[in-house]
Number of protein chains: 2
Amino acid sequence: MELKAMTIGKLSSRAGVKVTTIRYYESIDLMPQPHRSESGQRIYDETSVERLSFIRHARDLGFPVESIRDLIDLQSKPDQDCASVDAIARRQLANVRYRLNQLEALEAELKRMIAACEGGSVENCTVLACLSDHNNCREDEHGRLNGLLEG
Amino acid sequence: MELKAMTIGKLSSRAGVKVTTIRYYESIDLMPQPHRSESGQRIYDETSVERLSFIRHARDLGFPVESIRDLIDLQSKPDQDCASVDAIARRQLANVRYRLNQLEALEAELKRMIAACEGGSVENCTVLACLSDHNNCREDEHGRLNGLLEG
DNA sequence: CTTGCCTCTACAGCCGCTGTAGAGAGTAAT
DNA sequence: ATTACTCTCTACAGCGGCTGTAGAGGCAAG
């Protein structure tokens with residue numbers, strides 16, 4: 001007797017990636033088109049689990065999809081030097097560190113802002129005052145922190 | 001003689017917010033509909049500069065637009081207790097701290113991953129190995145590889 | 001046979017903008 | 001007055017990385 005075919009739901013729970021996300025990955029060609037059963041259901045195998053787990057780990061570490069694409073490409077050329085892999089990882093580390101710095105600055109400012117507030121009416125609220133006039137609140141000059149919120 | 005009317009470009013440079021972003025804020029009712037000149041150009045005044053600056057500062061601090069909406073609402077009721085303002089700020093601080101923790105964990109793992117890689121072919125690349133199997137990577141003694149990446 | 005979850009496709013929506021196209025308005029220099 | 005140039009207008013699509021919806025069909029257990 002045959003083993004039961006792995007459907008998308010099974011793959012989903014094995015790799016820890018939602019069904020809809022798997023279909024999305026397929027639509028952007030991050031996961032290959034799987035075989036289909038007669039009734040049209042997607043059928044996966046162990047290599048799918050591996051690939052999807054790889055993608056998941058990389059996403060967990062914040063690698064953008066495009067980097068993951070590159071990593072998978074590189075993986076398929078095992079004789080090449082791994083310097084390019086290293087470079088992608090270092091780029092990601094630099095990115096994480098950048099966001100870390102920005103968030104630390106944010107935390108400091110929010111803390112200062114909240115600490116200064118001693119309650120009372122909205123009219124005298126230091127939190128709102130800080131937001132209205134940055135300079136009143138800041139101890140040091142930083143650039144804009146736009147774009148910090150993802151991830 | 002009258003002062004020249006403030007157009008969207010002037011407001012943009014005064015508040016440090018892009019023209020397109022101002023129009024976007026208007027479209028989501030975060031900025032009110034401004035007066036228009038005869039030819040249909042948006043005309044702003046000082047209160048617009050203040051409001052937009054407030055929004056910008058709050059965005060810089062990572063407040064989501066919906067929170068900013070709430071803050072502006074509260075601002076217009078100056079007699080109220082500022083506890084609700086405080087609560088919004090604290091929620092934001094909690095959010096920032098959460099992301100900070102996540103990023104710190106990410107940084108540690110990326111560092112470990114990169115430090116372990118000693119070059120060579122893609123086939124033996126520890127970076128790819130880590131991504132393929134998370135658990136292989138977490139076992140390393142904490143701190144042993146620290147510092148290998150600096151400088 | 002019914003129940004109840006699983007899977008299918010196709011498409012809209014999320015956030016917070018950013019970019020595009022094509023047209024009209026305003027200003028400065030010739 | 002004409003040219004050249006910038007600014008502004010509207011409307012809509014696109015970004016990343018999914019998530020959610022609707023409506024239909026598949027499949028196994030009781």
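Data overview
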| item | result |
| --- | --- |
| Matching residues in the range B:36-61 - criterion: being surrounded by 12 or more Cβ atoms within 10 Å (Cβ to Cβ), more than 8 Å from DNA strand C (Cβ to nearest atom) and not in a helix (DSSP H, G or I) | B:Arg42, B:Ile43, B:Tyr44, B:Asp45, B:Leu61 |
| Residue list for the range A:106-122, filter: surrounded by fewer than 17 Cβ atoms within 10 Å (Cβ to Cβ), of a type in the set (A, V, I, L, M, F, W, C) and outside any helix (DSSP H, G or I) | none |
| Residue in the range B:68-77 that is outside any loop (DSSP other than H, G, I, E, B) and of a type in the set (Ser, Thr, Tyr) present | no |
| Hits in the range A:1-35 - residues which are farther than 23 Å from A:Asp73 by Cβ, away from DNA strand C (no atom under 12 Å from the Cβ) and of a type outside the set (Asp, Glu) | A:Met1, A:Leu3, A:Gly16 |
| Single unsatisfied condition, A:Val17 versus (1) in contact with a helix residue (DSSP H, G or I) (Cβ under 6 Å, 6 or more places away or on another chain); (2) assigned to a helix (DSSP H, G or I) | (2) |
| Scope the range A:23-35; condition in a helix (DSSP H, G or I) and near DNA strand D (Cβ under 9 Å from one of its atoms); matching residues | A:Arg23, A:Tyr24, A:Tyr25, A:Ser27 |
| Output for the range A:76-130, where each listed residue is touching a residue at least 12 places away in the same chain (Cβ under 8 Å), within 15 Å of B:Val127 (Cβ to Cβ) and facing chain B (nearest Cβ under 7 Å) | A:Val85, A:Gln92, A:Val96 |
| Lone unmet requirement of (1) more than 7 Å from chain B (Cβ to nearest Cβ); (2) farther than 30 Å from B:Thr47 by Cβ for A:Asp133 | (2) |
| Failed criterion for B:Leu128 (all others in (1) more than 16 Å from DNA strand D (Cβ to nearest atom); (2) in the same structural domain as B:Ser13 (by TED's automatic domain parsing) hold) | (2) |
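The values are calculated or read from the model by the stated rules, or taken from the named source; none is laboratory data. Nothing here was measured: the structure is a model prediction, and the numbers come from that model. Quick reminder, even Gly has a Cβ in these numbers, built from the backbone with ideal geometry, and neighbours come from all protein chains shown.
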